[in-house]
Amino acid sequence: MLSIAISLHLLSAVIWVGGMFFAYMALRPAAASVLEPPLRLELWRQVFSRFFPWVSLSIVILFVTGLWMSWAMFGGLGNSPVYVHIMLTLAIIMAGLFGWLKHKPVKALAKAIVEENWQKGGEILVAIRKIIAINLSLGLLLVAIASGGRFL
Ligand code: HEM
């Protein structure tokens, strides 16, 4: 059972953190260089609406399998090593930022597109980019700590 938990845990981490890396490092600069604001904003609206359900599912799986492994491997969070607590803390911050992003700025972006307010849409996209930059940095840090932690 533990092998299923760790596989699901890592697949979810790859989907979430890898998806953010691709969006931020490859798609963002490419879209900015070839698309005018109306098309660029619509592209991002569609990208978010397709990617976010996968992120939501990944978050559920990460927390369920993470808590399950902490119980099965260490006898619960109380006995888990420091790197697991760091992982849990960073994961809570990341999930909170994602939840806020999904329910506030991304909805505001959709509204700006419907109203054809490209100026406002551009400002919202800048805010979204900053949140994704923070979550991507936390995600990469988390993976480094989680994978190296057991060897410390
Ligand atoms: C963004 C969220 C998360 C990411 C990206 C993530 C990533 C990882 C990675 C890369 C590993 C290392 C696997 C290995 O080296 O074999 C791991 C293991 C683990 N994670 Fe997470 N994790 C996340 C959330 C959580 C949460 C919420 C918990 C809950 C306590 C958790 C608990 C664990 C445990 C117990 C292990 C096994 C530790 C070990 O093998 O010594 N993780 N995680």
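The values are calculated or read from the model by the stated rules, or taken from the named source; none is laboratory data. Note that this is a predicted model, so its numbers are computed, not measured. Neighbour counts are summed over all protein chains in view; Cβ atoms, including those assigned to glycine, are modelled from backbone coordinates with ideal geometry. Just the protein is used for accessible areas: all its heavy atoms, side chains included, with ligands, DNA and RNA removed. Shrake-Rupley method; radii C 1.70, N 1.55, O 1.52, S 1.80 Å.
Quick rundown of the values:
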{"item": "Count of the stretch 11-50 residues which are of a type in the set (A, V, I, L, M, F, W, C), within 15 Å of the ligand (Cβ to nearest atom) and under 11 Å from the mean Cα position of the chain (by Cα)", "result": "7"}
{"item": "Matching residues in the stretch 96-109 - criterion: being open to solvent by less than 30 Å² (accessible area, probe 1.4 Å) and in contact with a helix residue (DSSP H, G or I) (Cβ under 8 Å, 6 or more places away or on another chain)", "result": "Phe98, Leu101, Pro105, Val106, Leu109"}
{"item": "Residue ID - least open to solvent (accessible area, probe 1.4 Å), chosen from residues in the stretch 74-94 that are more than 6 Å from the ligand (Cβ to nearest atom) and touching a Leu at 6+ places or on another chain (Cβ under 8 Å)", "result": "Leu90"}
{"item": "Cross-chain or 6+ apart pairs with Cβ under 8 Å, the stretch 102-114 first and farther than 13 Å from Leu39 by Cα and of a type outside the set (S, T, N, Q), then modelled with pLDDT of 95 or more and in a loop (DSSP other than H, G, I, E, B)", "result": "none"}
{"item": "Where Leu142 falls short, out of the listed (1) open to solvent by 60 Å² or more (accessible area, probe 1.4 Å); (2) within 9 Å of the ligand (Cβ to nearest atom)", "result": "(1)"}
{"item": "Test: Phe22 is surrounded by fewer than 15 Cβ atoms within 10 Å (Cβ to Cβ) and farther than 22 Å from Gly139 by Cα", "result": "no"}
{"item": "Per-region count, the stretch 69-101, residues free of Cβ contacts under 8 Å to residues at least 12 places away in the same chain and either under 18 Å from Leu142 (Cβ atoms) or assigned to a helix (DSSP H, G or I) (or both)", "result": "11"}
{"item": "Ile128 vs. criteria away from the ligand (no atom under 14 Å from the Cβ) and in contact with a Leu (Cβ under 6 Å, 6 or more places away or on another chain)", "result": "no"}
{"item": "Matching option when the condition is in a helix (DSSP H, G or I), open to solvent by less than 40 Å² (accessible area, probe 1.4 Å) and more than 30 Å from Asn117 (Cβ to Cβ), among Ala31, Ala13", "result": "Ala13"}
{"item": "Scope the stretch 112-128; condition within 21 Å of Ala23 (Cβ to Cβ) and open to solvent by 100 Å² or more (accessible area, probe 1.4 Å); matching residues", "result": "Glu123"}
